[in-house]
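Here's the structure, in structure tokens; my notes come after.
The values are calculated or read from the model by the stated rules, or taken from the named source; none is laboratory data. Keep in mind that what you see is a predicted model, and the values were worked out from it rather than measured. Note that we place each Cβ from the backbone using ideal geometry, even for glycine, and neighbour counts take in every protein chain shown.
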Amino acid sequence: MPFRGGVGAGARGDALQPTRDRRFRVWGEDPIRGATARPGAEAEPDPDPKPRFVPGRRPVRIPPVQIGALDTAIVVAYLVGMVAVGVWVSRRIGGFDDFFVAGGRMTTPLLVCTLVSTYYGLDVTFGTSETAYLEGISAFFAYSAPFYVAYVAMAVLVAPRLHRYSARSLPETMELHYGRGARVASALSSFVYSAPILGIGGMGLIGSVFFGLDPWVGAVVGASVALIYTVLGGLLADALTDTIQFTMMCVTVAIAAVYALLEFGTPDVLATKLDPTVFTPYGDLTTSQILVYGSVALTPLVEPAFYQRTFASKDARQIVRALLIGVVLWMAYDWLIVLLGIGGQELVRRGELPADVPSWEILLHVVEHLLPPGLLGIFLAGCLASAMSTIDSYALIGAGNLVYDAWAPVVKRKPGDATLLRATRLMIVPTIGFALLVSTVFDSLRDAWIFMATVLLSTNFVPMMAALFFLERPSPRAGTWSAATGLVGSLGLFLCFLLAGRELDDGDVVWTTPFGGELVREEALLFTVPASALAFAAGRVADRRARAAA
Amino acid sequence: MTVLSWIAVVVLGLGSSAVFVWFLRDVRRIMSSDGDDRDDPAV
């Protein structure tokens with residue numbers, strides 16, 4: 001779930017260039033402060049009382065794209081089909097292990113499908129296309145490329161070691177080295193990360209743009225379908241639906257890209273028509289921005305969905321192969337989405353799209369321009385697939401974090417398999433409810449992603465990498481102190497940003513610390529991860545002393 | 001970049017379809033497996 005949107009360079013002044021607004025609201029307008037105008041923009045009359053789910057600092061009113069009966073039928077058939085898979089698989093769920101890690105029987109093709117579709121949701125699809133629309137191919141080289149290094153490291157270095165553990169989740173792996181306290185801290189951070197905020201927000205966008213629905217209605221309908229089949233069939237239903245979703249999202253993007261190459265011309269042709277910076281690999285990003293986003297790209301190394309699927313794989317070879325195949329597919333997917341995003345610039349240049357079209361919606365407008373009826377419906381179903389495959393997987397992980405990792409280890413009487421299964425199924429509902437609730441706290445999907453990634457990395461990265469590569473014996477204080485420092489530090493910092501942060505014109509939020517310096521929210525992890533490392537070192541010293549004293 | 005784009009189209013379109021066909025050949029085994037042949041836990 002790596003978010004790839006709207007960071008980096010400032011707005012371009014050229015009237016033919018797309019207008020840049022770096023923040024994409026989760027629900028179109030600020031739910032707390034109400035709609036706000038872009039600095040310098042005139043207030044516009046609002047003919048539509050319902051705010052659309054749009055990016056930016058003011059809701060932009062663009063009529064819903066009209067889609068035909070054939071396209072609608074394809075989308076409805078897709079949704080019904082997903083529920084049918086859940087019902088079918090539910091008859092094969094015998095216990096918690098079947099439900100949560102598919103009985104450890106997942107093989108390479110199933111793992112490829114579920115990894116690719118789960119990790120790439122609408123946040124990546126829309127975020128990457130938006131960044132490409134605004135900044136060009138730096139969306140690929142600066143934002144996406146660092147992740148490929150992390151995926152390969154996950155495949156080659158982490159997954160084979162991880163598969164040796166007798167565990168079902170990231171927090172449980174932490175407990176094996178550091179004890180129960182580290183597991184609970186890790187579970188809470190994983191729950192925060194796994195709340196499917198971004199996927200739910202993306203569903204609202206599709207419902208709003210194509211069906212004219214209130215964003216909440218679109219989000220609730222899509223999330224409900226994902227919820228039904230995940231509650232029924234667990235990881236196996238999730239993975240089986242992921243195979244269909246994976247194929248749909250990949251094939252439809254490939255088809256749309258062919259249309260784009262034929263309609264807009266190849267990148268070499270486009271380079272002669274558009275601003276030269278569009279085809280500059282790192283655009284106008286600063287070194288510190290590249291560093292921050294390179295750091296965020298470490299997320300896959302502690303990604304709860306990767307861990308769960310590693311434990312669900314039949315053997316280590318299956319997950320390694322799946323990840324390496326996945327990297328190739330992710331690269332192709334990213335590049336073509338970048339191409340479609342740049343196509344948006346060409347449409348603006350030709351005057352076929354207004355320059356103030358919401359950048360977050362650009363992909364939808366480009367494909368609506370390119371694809372004929374029927375293919376458009378399949379593409380929409382592919383977009384829904386992309387969102388639902390993320391929502392279902394992370395809702396399942398979030399529920400598992402609450403039940404299996406946070407509740408089960410601390411209760412006196414160990415819950416049985418049937419209780420675990422029932423409780424996890426039950427907790428999927430509040431997990432999705434929590435995601436809906438949290439989505440109202442953040443002004444934008446980018447803010448939500450930064451928060452989630454910072455909490456996950458700060459809590460788990462140092463202790464987990466130390467456990468996998470350095471520790472020869474358990475070190476409870478090191479892991480617990482490190483995880484707790486990362487969790488409390490990251491949550492505390494974000495609370496400071498929320499309560500006392502100051503928003504800059506470019507959308508960044510800064511907090512003036514009691515020591516006088518200013519801290520930018522995006523850079524929080526550059527402080528919390530080292531703090532977690534320091535706590536780990538202190539815990540190691542304490543553990544050594546305790547062992548020596550004993 | 002043009003060549004890269006066409007390669008990406010082929011990889012994504014045909015590659016994902018090939019993985020799906022591979023999955024269809026594998027699915028019967030997955031659904032009937034009892035999942036008891038995982039690596040022995042070493043930790």
Taking the stated definitions as given, is A:Arg309 within 30 Å of A:Leu396 (Cα to Cα), over 19 Å from the mean Cα position of the chain (by Cα) and either free of Cβ contacts under 8 Å to residues at least 40 places away in the same chain or not in a strand (DSSP E or B) (or both)?
no
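Which of the residues spanning region A:334-384 are small (Gly, Ala, Ser), over 21 Å from A:Thr272 (Cβ atoms) and crowded, with 22+ Cβ neighbours inside 10 Å?
We begin by selecting, within region A:334-384, every residue small (Gly, Ala, Ser); these are A:341, A:343-344, A:351, A:355, A:359, A:374, A:377, A:381-382.
Right, trim to over 21 Å from A:Thr272 (Cβ atoms) and you get A:359, A:374, A:377, A:381-382.
A:Ser359, A:Gly377, A:Ala381, A:Gly382 - these are the residues of region A:334-384 that are small (Gly, Ala, Ser), over 21 Å from A:Thr272 (Cβ atoms) and crowded, with 22+ Cβ neighbours inside 10 Å.
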In region A:125-156, which residues are closer than 30 Å to A:Ala237 by Cβ and within 14 Å of chain B (Cβ to nearest Cβ)?
A:Thr125, A:Thr128, A:Ser144, A:Tyr148
Take the residues in region A:62-111 that are more than 9 Å from chain B (Cβ to nearest Cβ) and within 22 Å of the chain's Cα centre (by Cα), then tell me which one is modelled with the highest pLDDT.
A:Leu111
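This table checks each residue for (1) out of contact with any helix residue (DSSP H, G or I) (no Cβ under 8 Å at 6 or more places or on another chain); (2) more than 7 Å from every other protein chain (Cβ to nearest Cβ); (3) at pLDDT below 85.
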| site | (1), (2), (3) |
| --- | --- |
| B:Ala8 | no, no, no |
| B:Gly15 | no, no, no |
| B:Val19 | no, no, no |
| B:Val27 | no, yes, yes |
| B:Ile30 | no, no, yes |
| B:Val43 | no, no, yes |
In this structure, is A:Gly326 assigned to a helix (DSSP H, G or I), within 17 Å of the chain's Cα centre (by Cα), surrounded by fewer than 22 Cβ atoms within 10 Å (Cβ to Cβ) and of a type outside the set (A, V, I, L, M)?
no
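Evaluate the following for A:Thr241: is it of a type in the set (Val, Ile, Thr), part of a helix (DSSP H, G or I), buried (at least 24 other Cβ atoms within 10 Å of the Cβ) and within 14 Å of chain B (Cβ to nearest Cβ)?
On the way: of a type in the set (Val, Ile, Thr): yes; part of a helix (DSSP H, G or I): yes; buried (at least 24 other Cβ atoms within 10 Å of the Cβ): yes; within 14 Å of chain B (Cβ to nearest Cβ): yes.
Considered against the rule, which asks whether it is of a type in the set (Val, Ile, Thr), part of a helix (DSSP H, G or I), buried (at least 24 other Cβ atoms within 10 Å of the Cβ) and within 14 Å of chain B (Cβ to nearest Cβ), A:Thr241 comes out as yes.
Looking at A:Phe536, A:Phe497, A:Phe451, A:Phe469 in this structure, which one is among the aromatic types (Phe, Trp, Tyr) and out of contact with any Phe, Trp or Tyr (no Cβ under 8 Å at 6 or more places or on another chain)?
Details: A:Phe536 fails: out of contact with any Phe, Trp or Tyr (no Cβ under 8 Å at 6 or more places or on another chain); A:Phe497 fails: out of contact with any Phe, Trp or Tyr (no Cβ under 8 Å at 6 or more places or on another chain); A:Phe451 fails: out of contact with any Phe, Trp or Tyr (no Cβ under 8 Å at 6 or more places or on another chain).
After applying the criteria, what remains is A:Phe469.
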Only one of these conditions is not met by A:Val403: (1) within 30 Å of A:Thr114 (Cα to Cα); (2) more than 23 Å from the chain's Cα centre (by Cα). Which number is it?
(2)
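The rows are residues; the columns are (1) at pLDDT 85 or above; (2) under 20 Å from A:Ala305 (Cα atoms); (3) in a loop (DSSP other than H, G, I, E, B).
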{"site": "A:Leu396", "(1), (2), (3)": "no, yes, no"}
{"site": "A:Ala399", "(1), (2), (3)": "yes, yes, no"}
{"site": "A:Val403", "(1), (2), (3)": "yes, yes, no"}
{"site": "A:Pro409", "(1), (2), (3)": "no, no, yes"}
{"site": "A:Arg422", "(1), (2), (3)": "no, no, no"}
{"site": "A:Met427", "(1), (2), (3)": "yes, yes, no"}
{"site": "A:Thr431", "(1), (2), (3)": "yes, yes, no"}
{"site": "A:Ala435", "(1), (2), (3)": "no, yes, no"}
{"site": "A:Ser439", "(1), (2), (3)": "no, no, no"}
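Out of region A:391-425, which residues are surrounded by fewer than 14 Cβ atoms within 10 Å (Cβ to Cβ) and either free of Cβ contacts under 8 Å to residues at least 60 places away in the same chain or aromatic (Phe, Trp, Tyr) (or both)? First the steps, then the outcome.
Pass one, region A:391-425, residues surrounded by fewer than 14 Cβ atoms within 10 Å (Cβ to Cβ): A:410-414, A:416-418.
Passing the criteria: A:Val411, A:Lys412, A:Arg413, A:Lys414, A:Gly416.
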Search region A:262-273 for residues that are within 8 Å of chain B (Cβ to nearest Cβ) and pair each with any residue that is small (Gly, Ala, Ser) and surrounded by 13 or more Cβ atoms within 10 Å (Cβ to Cβ) when their beta-carbon atoms are under 8 Å apart and the residues are at least 6 apart or on different chains.
A:Thr266/B:Ser5; A:Pro267/B:Ser5
Neighbours by Cβ (under 7 Å, 6+ apart or cross-chain): first from region A:160-181, under 18 Å from A:Val488 (Cα atoms) and away from chain B (no Cβ under 11 Å); second surrounded by 20 or more Cβ atoms within 10 Å (Cβ to Cβ) and of a type in the set (D, E, K, R):
A:Pro171/A:Arg183; A:Pro171/A:Asp405; A:Met174/A:Arg183
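For (1) over 30 Å from A:Val529 (Cα atoms); (2) out of contact with any Leu (no Cβ under 9 Å at 6 or more places or on another chain); (3) assigned to a helix (DSSP H, G or I), each residue gets a yes or a no:
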| site | (1), (2), (3) |
| --- | --- |
| A:Val253 | yes, no, yes |
| A:Tyr259 | yes, no, yes |
| A:Glu263 | yes, no, yes |
| A:Tyr282 | no, yes, no |
| A:Gln289 | no, yes, yes |
| A:Gly294 | no, yes, yes |
Top-ranked residue of region A:112-124 - restricted to ones that are within 14 Å of the chain's Cα centre (by Cα) and within 13 Å of another protein chain (Cβ to nearest Cβ), ranked as nearest to A:Lys314 (Cα to Cα):
A:Leu115
With the checklist (1) within 12 Å of chain B (Cβ to nearest Cβ); (2) in contact (Cβ under 8 Å) with a residue 12 or more places away in the chain; (3) within 25 Å of A:Met331 (Cβ to Cβ) in hand, flag the one item A:Leu235 doesn't pass.
(3)
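To keep it simple, each residue is scored yes or no on (1) at pLDDT 85 or above; (2) in a strand (DSSP E or B); (3) under 31 Å from the mean Cα position of the chain (by Cα).
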position	(1), (2), (3)
A:Asp505	no, no, yes
A:Gly516	no, no, no
A:Glu522	no, no, yes
A:Thr528	yes, no, yes
A:Ala533	yes, no, yes
A:Phe536	yes, no, yes
A:Arg540	yes, no, no
A:Ala546	yes, no, no
Matching residues, region A:501-548, being among the hydrophobic types (A, V, I, L, M, F, W, C) and farther than 30 Å from A:Arg473 by Cβ:
A:Leu504, A:Val509, A:Val510, A:Trp511, A:Phe515, A:Leu519, A:Val520, A:Ala524, A:Leu526
Just to be sure, is A:Val338 under 14 Å from A:Thr252 (Cα atoms), part of a helix (DSSP H, G or I) and β-branched (Val, Ile, Thr)?
no
So A:Gly492 clears everything in (1) closer than 24 Å to A:Phe461 by Cα; (2) touching a helix residue (DSSP H, G or I) at 6+ places or on another chain (Cβ under 8 Å); (3) not aliphatic (A, V, I, L, M) except one condition, right? Which one?
(2)
